[in-house]
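First comes the structure, then the notes that go with it.
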Amino acid sequence: MSMVMSVTVEGQDDDQTRCDPKEKFLNSNMYFYGRQICFILALLITSYAALQNAPPKISKSPSPVPFFPKTSLVADFYSGQLSPAFERVSESDVSFVMYYAPWDAESQAIRIHFKIVAQYYHKQVYFAAINCWQPHSECRQQFSRVQQFPVLIVYTQNNKGIQYKGIREAAHMIRFLRYVLHPLERITSPADVTTLMSTYDAVVVGCFNFAGNIGSPGYYSFYTTALKSLERDPYREVGFAVVTSMKMCGQMGFNWSPALRIYVWNETLQYPRLAEFTPDVLVKWIFANARQVCVWVTPPGVKSLTLAPYVEEGPVLILFTPRNPLQDWNYNYNMLREIGLEYYNCDINPWVSNLANHLAGERAVMKKKYAELETGCLLWKEPHRSEPDIPPVHVVGEQWTNGSCRSEWTWRKLCSICERHSAQLHGEAEDNAFVHAKGLNIPTICKKKDTAASDSCITYGPFTESWHECYVCCKHSHSLRFQTTLLTGVGDERSSPALQEAASLERCRRLRRARHIHHPVFPHPAYYRKSPRHFTGLACHTNKTMSLIAMDSLQFHQFAEGLGVDVLARHDKTAVIIFNVAQESSYILDTEFSKGAMLEFISNYTDGILNRSLRSSNILPRGMQNHYPEQDVEGCQRRGVVCVQELNSNSFHHIVMAQNVAVVVFYHSPYCTFCHHISHIYLTVARYFRAVRHLIFTRIDGENNDLPWEFTMHHYPTILFFPAHRKSESHVFPQHHPITVPNLVNFVLANLDPEERSLWGMIGLCAGWGNQQDADSARDCIARVRCESLTAIASTLKQYKSVIMRWHVMKLSSLLDPSQLRLYHTEIHKQLKRSVYRLQHLKEIHLILGSVDRLVEDSSEYIAIQDIYERYQNILTNLNLYEPSEERVHHMRNSVSDAVSARDEL
């Protein structure tokens, strides 16, 4: 008997009440420990991430070392300290600072040039070099965005820095600093503008009223503009001049002050009176209006679009000539400017004509001026010299002021020499000797005197007067001399005589350094002193108007070499090229450079009678990269090596167009990756056909060799086949077929005649493979050659029958002219003889092949086959039995058809 006890609801509630504290305790412990575990995990993950994101451990940068030697005139702040450098810069009138990185190759290359510039201008310019790469240095922190070194900046008082962006060589930097030190020219007469226009491509003239000691309003802005423009024009193609006299301003047409005007080759532009007169606005206006008839182009040395504006507009004439930055004039560029003025003078502008005539006149006396400067600086030496005793200052009469005796200071110096030789000067015989010596330069006479006199004479600059004039002036000055209380200026470096002497010394220093760059070239006088009438304004009368530019052949000779001229190999390093990028053609002046040759060259191009110049790789420099050297094919054959002959523009026609050989030409480019990829395939096929005597494998660099348009390929690689005696039937390897050894072999065989294919191609392949194939393959090769020979025999017999038939037709035609009949009989007779000789040598070859199982290059059978073919070729050559041309065959067939038609009508 079982008992069942019922459980009430109240009992259940009591049980739950007893269990709740335990569950709550357990739940609270799990929550607590879970939270602690999550916190620990989060802490670990955060610590791991922090360790992973910590800056990498790098080695400490090496300690800086001096970049310039301690004996250098350049202050080297090699630790990157900026504050002490700028303190010295602020104390100097002009400072030239080089920001460099010691590891940078260009900084290392420019170091020697910067030292040379410092030696040249150390008395006037402060030179400093700052290591702006040193980590944590002051310069690095201040100029952290500098990405390229070195950076060259010129600082002047109260002006921002002027960055130098020209060629980084000593001579070019010296020229730049020269224009920083002397940014303005002074104009004292209207004729000075024309003189400046012969030196600069454009001239900016400012008129300012200097009243009192305050200065002129706007002059500082103009001065700053002249300095600021050097950033865009480091070679000073646009000159700046100033007029300080209001009277002279009125003569030049200036009606207010400050006023600004720019003179270009064909017009004069006035700066608006009410426009803002600030350096930034003035620079922008000047370079927007400074149009030039021709211009020096200086690529920066990296990828740029410097040449694009000139080349893309149309044809461009490029004058490659040496440009010496230490000389103010260039004979060849002066001639180019004169020609350009006449070429663009469409409306016969008198100002343009006068400027062209002035350039011609300047060029006529350039050689004389250079010779005088050389003579005056012949014995000059730069080291410090002991000054001669200066005689008392004196006032002289008209003899000193009429221009015959030059400046007073100069002749006072010379008179001191005259006094030293007073014993010789008082005699009548000595006077006659001086008169007899008239015309000789003073340095030449001084050289015959004692050393002291010679040094004193040369010290005071170049002179062209004779000793007789010196004697007369000195004698006259002694008669009028008296003492004065005026300041002598002796010892004052900024006195007028001292500045004149410093200018003379500067010219001689510049001349001496210019000789190390390039001696000036003075071509022979042109046989045209004036241009032909039809040349003036030629640019407006044709649609072939060209731009005129000049490039320094010493710096940018690689551009001339790219156009096919090795300009450095020429004695004057000068070349003239007309380049038309749209027509992909260039024209080179082959005659000696002169004005007449230039005028004729431009006129002939305009008339379209110039022949296109073809670049050839054989005139490129040997050190040029990506250039394949020419191969000696005969030498390679003697060594048993397969060589592919390298062609160029000069040898292409001579080799490829040879009638007695078939030529395979491989067009490639040094920059073509696919060309390098298939080179081994081309060489493999050439090795297979090496036993074929009258089949040549060649290649040509299409990038550096210009060919006539019919032989020019527009993509690489390309393979062309020129068959023997049928050069007009050349074929290109199909582009849709991959270039493989079997495909290339089949391409060569398919373009040979049936006879040539059996004799040249297949026999040559069988002999070329030689012992490299097994017996079955060798027999199969011979069998295929015999099949080809049978096919050639059948074709020759068919051709023989056709010729016989034409022979009978010609005999039956009585309506033909007797002369034509004799001509046709001769041609048919030649074809019959050719067919007979062909059958004969094919039969001999077929019989020889039936007696061998393998052909080898040095086997007697292969040599006999070659002899048979050589004999056959000699017979055809001696008897002139080659097939007639396509035109003659076509004409002969038409005549035969006409004869047959006439016979049928009868």
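Past 21 Å, Cα to Cα, is the threshold; run 70/123; 123/165; 165/284 against it and keep the listed order.
Correct reply: 123/165.
Under a crude label model (7 Å from the Cα following the beta-carbon direction), how far is residue 46 from residue 836 in nanometres?
Taking the two extended label points, one gets 11.3 nm.
Show me the chymotrypsin sites (Phe, Trp or Tyr not before Pro) within region 672-735 that DSSP assigns to loop and that have at most 14 other Cβ atoms within 10 Å of their Cβ. Before the final figure, lay out the partial values.
Working: sites: 674, 682, 688, 689, 697, 709, 711, 721; in loops: 689.
Counting only loop positions with at most 14 other Cβ atoms within 10 Å, none of the chymotrypsin sites (Phe, Trp or Tyr not before Pro) in region 672-735 qualifies.
Shape call for region 216-272 from the C-alpha gyration tensor, a ≥ b ≥ c root eigenvalues: rounded (a/c under 1.5), prolate (a/b greater than b/c) or oblate?
Numbers: a/c = 2.27, a/b = 1.38, b/c = 1.65.
Since a/c reaches 1.5 but b/c is at least a/b, the shape of region 216-272 is classed as oblate.
So which of 60/303; 115/368; 60/115; 573/595; 228/368 end up more than 25 Å apart by C-alpha?
Violating the 25 Å limit, Cα to Cα: 60/303; 115/368; 60/115; 228/368.
Under 9 Å from the Cβ of residue 68, count the other residues' Cβ atoms, weight Lys and Arg +1, Asp and Glu -1, and hand me the total.
With Lys, Arg at +1 and Asp, Glu at -1, the net is +2.
How do 858, 566 rank when sorted from fewest to most other Cβ atoms within 10 Å of their own Cβ? Don't skip to the end; give the middle numbers.
On the way: 858 9, 566 13.
Arranged by neighbour count, lowest to highest, 858, 566 become 858, 566.
Measuring from label point to label point, each 7 Å out along Cα→Cβ, what is the residue 92 to residue 829 span in nm?
It is 9.7 nm.
What is region 633-735's relative contact order, in percent, from Cα pairs under 8 angstrom and six or more apart in sequence? Don't skip to the answer; put the middle values down first.
On the way: 146 pairs, mean separation 38.5, N = 103.
RCO, region 633-735: 37 percent.
For region 75-174, give the magnitude of the charge dipole about the Cα centre (Cβ charges: +1 Lys/Arg, -1 Asp/Glu; no others), in debye to the nearest 20.
160 debye
Length gain on complete extension for the stretch residue 726 to residue 655, per 0.36 nm per residue less the alpha carbon to alpha carbon distance? If you can, show how the numbers build up before the last one.
Numbers: separation 71, 0.36 × 71 = 25.56 nm, distance 1.42 nm.
Residue separation times 0.36 nm, minus the Cα-Cα distance, leaves 24.1 nm.
Counting Lys and Arg as +1 and Asp and Glu as -1, each charge on the Cβ, what is the dipole of region 633-735 about the Cα centre in debye, to the nearest 20?
The calculated dipole for region 633-735 is roughly 540 debye.
No lab work stands behind these numbers, since they all come straight from the coordinates. This structure is a prediction, so every number in the text was calculated from the model and none was measured. Virtual Cβ from ideal backbone geometry, glycine too; neighbours counted across all protein chains shown.
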